[in-house]
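Nothing in this text is a laboratory measurement; each read-out follows from the coordinates by a stated rule. Keep in mind it's a predicted model, so treat the numbers as computed, not measured. As a convention, Cβ positions derive from the backbone with ideal geometry for all residues, glycine included, and neighbour counts pool all protein chains shown.
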Amino acid sequence: MNLYVRYFDQEALTHSVNEVVDFLTTIPDIHITPELVADLQDYAASDMPYPKRYKVRPRVYFILIKTTAATLADFKMNKKAQAAAEVSEPVIRKETKQSLLTQQRSGWYMGTIVFKRVIPIPGTSKFQYQDTRFSAYVKAESAQHCYERIVDHLKNRQDVDLRSQFPSSRGNNFTYRFLGDNLPSAPEVEAPAPAVDSPIFDGQYFDGE
């Protein structure tokens, strides 16, 4: 196991704690003490895989990272690949969810949305937003169509203030389950669990255009 050490734009790939100390002694800001050397040795010998920061002065640190890279160039290449993977994974998840939402699959859906419902404060002209869960069986062409039908229904309800806010279909506040061509009886379909402190509107059946 090798050690990467960096202080601002000064960096090195070392093969032992002694080499780390040799590197640090070239930096005037860093004062080498027996305690520091002992801590470096403890970190290098430990099973802890995470990087470690060492305080030089308030809000200023140098960093030590364990690595299997043999050279500084290899270490930087590995870091770029790791960063690319960390960035691409959420992008892939987002694209996959968008693809599933728009996939054409006609039939019944169980759709659930949690939206910010405007609740007037009695005796004042003020209002507050309250997370409200609404579930419905919806006849739709896709999950996205299910979402749109639910939002359109809520916007047209007299008991839903037009200032209420609705989440994106791509977020965690819209969930759905495809039920098929025939709507099961209500007991056969597991109802969504209510969110904590979130009122639940009564379920609806949307079977027309």
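What is the Cα centroid distance between region 100-178 and region 30-60, reported in whole angstrom?
52
Run the numbers for Ala73 and Gln128: contour at 0.36 nm per residue of separation, minus the present Cα-Cα distance, in nm.
14.3 nm
Using only the Cα atoms of region 2-72, build the gyration tensor, take square roots of its eigenvalues as a ≥ b ≥ c, and label the shape rounded, prolate or oblate: rounded if a/c is under 1.5, else prolate if a/b is larger than b/c, else oblate.
Verdict is rounded for region 2-72.
In what order do Thr102, Thr67, Thr132, Thr33 fall by count of nearby beta-carbon atoms within 10 Å, going from fewest to most? Mind dumping the intermediate values first?
Numbers: Thr102 13, Thr67 17, Thr132 20, Thr33 9.
The most exposed by this proxy come first: Thr33, Thr102, Thr67, Thr132.
Counting other C-beta atoms within 10 Å, which of Arg59, Arg170 has the fewest, and how do the rest follow?
Result, fewest neighbours first: Arg59, Arg170.
Would you order Lys126, Lys66, Lys97 from fewest to most other beta-carbon atoms within 10 Å of each residue's own beta-carbon?
Numbers: Lys126 8, Lys66 17, Lys97 14.
Listed from fewest to most nearby Cβ atoms, that is Lys126, Lys97, Lys66.
With charges set only on the Cβ (+1 for Lys and Arg, -1 for Asp and Glu), what does the dipole of region 2-72 come to about its Cα centre, in debye to the nearest 20?
So the dipole magnitude of region 2-72 works out to roughly 300 debye.
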